[in-house]
1. I'd like the FRET efficiency for THR43 and ASP72, computed as 1/(1 + (r/R0)^6) with the beta carbon distance as r and R0 of 22 Å, rounded to 0.05.
2. May I ask for the distance between the Cα centers of region 4-22 and region 25-83, given as a whole number of Å?
3. Would you mind getting the Kirkwood hydrodynamic radius of region 4-76 from its Cα pairs, rounded to one decimal in Å?
4. Measure off 7 Å from each Cα along the Cα-to-Cβ vector at SER57 and ASN20, then give the distance between these two points in nanometres to one decimal.
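What follows is calculated from the coordinates using simple rules that are stated; it is not laboratory data. Just so it is clear, the model here is predicted, and its values are computed rather than measured. Neighbour counts are summed over all protein chains in view; Cβ atoms, including those assigned to glycine, are modelled from backbone coordinates with ideal geometry.
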Amino acid sequence: MNILENPLVTEKTTRLMEENNTLTFVVNIDANKHQVREAVEKTYDVEIEEINTMISSKGEKKAYVKLHPEFDAEEIAGRIGIF
């Protein structure tokens, strides 16, 4: 099962990235927080402080991943290719 489907980039997620050091991903609907944490930490070599998930009205599961202060969400986004 592929846990991380794609990073999500909107005005809201960009603001969260800048103000709260948070990355947002669309994830597999069956993935739990532990699986999302493991996938993000292994894929992007970061440490995670907190994860919140929600299922949108479109049926997509979104994961809001707050990084530890020693990691910069904007730098990680640059490595991913968002910016």
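1. Efficiency, from the Cβ-Cβ distance: 0.85.
2. 9
3. Numbers: mean 1/r = 0.0823 Å⁻¹.
The Cα-based Kirkwood calculation yields 12.1 Å.
4. That separation, rounded to one decimal, is 2.0 nm.
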